[in-house]
Amino acid sequence: MVKADYIWFNGELIKWEDAKVHILTHTLHYGLGVFEGIRCYKTEKGPAIFRNHEHIERLFNSAKIVYMKIPYSQEEIRQAIFETIKANKLTECYIRPIVFYGMGAMGLYPLKNEVNVAIIVWEWGAYLGEEGLQKGIRCKISSFTRHHVNISMTKAKVCGNYVNSQLAKIEALEEGYDEALMLDVDGTVSEGSGENVFIVRKGVIKTPPPLGILEGITRDSVITIARDLGLEVREEKITRDEVYIADELFLCGTAAEITPVREVDRRIIGAGEPGPITRKLQEVFFRVVRGMEPKYQHWLDYVE
Ligand code: PPE
């Protein structure tokens, strides 16, 4: 990764190299921590954070779901994000706030440990590669089932939830694919290891309803943009075979942005290249995040 100079840690900016924790850090052992992934883009009016409020709100909701108390207000976290970006003199970056339990009490009752908050920023280019963003990637339907809503709390972005994602991602990469597409307990399409999924079939855009998936902020942006473009978007269950015969397929997320998928399990999707609707959505999305679409200015939080 491309390192930056400073990390915000419990209220202070410290040197990147000094942002260390004890080996007994509770979250390291048991995975109960919550985090966010946010992007800041370069615009004509300076760096702007895409849907910052929604991301900070989701961080607090994630914490609430898992009984964690964040010792700061949402506005304090927002100011801390600004401070961290400015200290590192970055104009485009990925932002990773993380809330985790420190050391003190081992065992599965974490609430006696102190809650730590860190904000890390760094330059992170195309998540699935620049070529993937342009030409599309190859996915494998995972042999690992995605979370069930009442096993892992899927509306919460919990550190430990990502073990499931990593198993899927490793399997996909070891087998020569770029990303995993996961099915839920019923066998219907759920999401990627770190992205939501959309298909286009017969001119209609479809994405799974927000049940056992992370309620992606990019997903919501895509739905809004598509509907504003006059396209039909349906939130409904998608089957595995429907993916194979989709005209277009793409993944979306803060890190992945809008990444087309050109192949799944050796079935070519559509013409084997990003389709017209995917391209259109990608084009508008990148204009929106860079402040070039006045209609969506309210989604940008300019770094003060
Ligand atoms: N599903 C999952 C499982 C997920 O992790 C993400 C984000 C999304 C959907 C899309 O959510 P949103 O970013 O709000 O549109 N994954 C984050 C972590 C990626 C990582 O490798 O770390 C991200 O994109 O920042």
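The values are calculated or read from the model by the stated rules, or taken from the named source; none is laboratory data. These numbers come from a predicted model, not from an experiment. Cβ placement follows ideal geometry from the backbone for every residue including glycine, while neighbour counts extend to all protein chains displayed. Please note that ligands, DNA and RNA were not included when accessible areas were found on the heavy atoms of the full protein model with its side chains. Shrake-Rupley method; radii C 1.70, N 1.55, O 1.52, S 1.80 Å.
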Can you tell me the relative contact order of the chain? Whole percent, Cα pairs under 8 Å, sequence separation 6 or more. 21 percent
Given axes a ≥ b ≥ c from the Cα gyration tensor, I'd like to know whether the chain is rounded (a/c under 1.5), prolate (a/b larger than b/c) or oblate. oblate
Place the peptides 230-236, 254-260, 100-106, 193-199 in order of packing, highest mean first, counting for every residue the other Cβ atoms within 10 Å and averaging per peptide. 193-199, 254-260, 100-106, 230-236
For the chain, what is the mean residue ellipticity at 222 nm derived from helices alone (per DSSP H run of n ≥ 4: -39500 (n - 2.57); sum divided by total residues; nearest 500 deg cm²/dmol)? -8000 deg cm²/dmol
Theoretical FRET efficiency, 1/(1+(r/R0)^6), r = Cβ-Cβ of VAL163 and THR224, R0 22 Å, to 0.05: 0.10
Before I look further, what does the range 6-122 give for accessible area per residue, probe 1.4 Å, in whole square angstrom? 49 Å²
Antiparallel DSSP beta bridges within the range 130-289, percent to nearest 5: 60 percent
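If R₀ is 41 angstrom, what is the calculated FRET efficiency for the pair LEU111 and ARG267, using the beta carbon separation as r and rounding to 0.05?
On the way: r = 48 Å, r/R0 = 1.17.
In this case the efficiency is close to 0.30.
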Between beta-carbons, use under 14 Å as the cut-off and find the net charge around LEU300, counting Lys and Arg +1, Asp and Glu -1. +2
Residues in the range 161-190, backbone N under 14 Å from the label point at ASP241 (7 Å along the Cα-to-beta-carbon vector): list them, ranges by number please. 188
Rounded to the nearest percent, how much of the accessible area of the range 149-304 (1.4 Å probe, protein heavy atoms only) is carbon and sulfur? 52 percent
Shape of the range 237-284, Cα gyration tensor, a/c cut at 1.5: prolate
Taking the solvent-accessible surface of protein heavy atoms with a 1.4 Å probe, what is the per residue accessible area of the range 164-232 in Å²? 37 Å²
